[in-house]
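Here is the structure we will look at.
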Amino acid sequence: MTGHIDPTKDVFAAFRENDRPGPIHMLNLVRLHAQAKYPDGRKATGAEAYASYGRESGPVFTRLGGRIVWQGKFELMLIGPSSERWDHCFIAEYPSVAAFVEMIRDPAYREAVKHRQAAVEDSRLIRTAPMQVGKTFGEIPE
């Protein structure tokens, strides 16, 4: 089974078309390969390759106004497939859809993302709209 690594063209087009004003939050769940799978055969662990991705893409992310707003360490799948585990769990904030799209198109980012593609076995990238925090589980502030 192949993991989810990159968005499809159709989903990315829908992402761009839903260009509402304001920031977006991207929930990232990332599972790494034990050994990175570089097309050129170079050797690195998945963790080393993902760290390279972070180092090389970080300046682009920061320049475009991105920031990490939450990060946590996966411990246990309480509800969901017990086979799922995640090596990195975080929420990245971008000032706008346009900033995210600009990052994806940036030449330095496009070079850095090769490390992510080699490192990642499976991932989830979920776009959300930031909201105020409610007082209870069912409360959704307006």
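The values are calculated or read from the model by the stated rules, or taken from the named source; none is laboratory data. From a predicted model like this one, the values you see are computed outputs, not experimental measurements. So basically every Cβ, Gly included, is an ideal-geometry build from the backbone, and we count neighbours across all protein chains shown. All accessible areas refer to the heavy atoms of the entire protein, side chains included, with ligands and DNA or RNA removed. Shrake-Rupley method; radii C 1.70, N 1.55, O 1.52, S 1.80 Å.
Quick check: at a probe of 1.4 Å, how many percent of the accessible area of the chain sits on carbon and sulfur atoms? Don't jump to the answer; show the numbers that get you there.
Values: 5380 of 9550 Å².
C and S atoms contribute 56 percent here.
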- Note on the structure: Any residue on another chain or 5+ positions along whose placed amide H is under 5 Å from the amide H of Asp122 is listed here as Arg31
- Item | Calculated from backbone phi, Karplus (6.51, -1.76, 1.60) coupling profile of the stretch 71-83 in Hz, x at Gly/Pro | 8, x, 9, 4, 10, 7, 8, 7, 10, x, x, 5, 6
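With an 8 Å Cα cut-off and a minimum separation of 6 or more residues, compute the relative contact order for the chain in percent. Don't skip to the end; give the middle numbers.
Values: 230 pairs, mean separation 58.8, N = 142.
Worked out over the chain, it gives 41 percent.
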- Query: Can you list residues whose amide H is under 5 Å from Gln35's amide H, if they're 5+ apart or on another chain and H is modeled 1.01 Å from N?
  - Reply: Gly46
- Pair Ala47, Glu75: separation of 7 Å Cα→Cβ label points (nm): 2.0
- Name the long-range amide H neighbours of Ile24: under 5 Å, sequence gap of 5 or more, or other chain; modelled H, no Pro or chain starts. Tyr94, Ser96
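Give me the accessible area per residue for the chain, probe 1.4 Å, as a whole number in Å². Before the final figure, lay out the partial values.
Details: 9550 Å² over 142 residues.
Averaged over the residues of the chain, the accessible area is 67 Å².
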- For Kirkwood radius over Cα pairs in Å, with candidates (1) 15.9; (2) 16.4; (3) 17.3, the value calculated from the shown model is option (2)
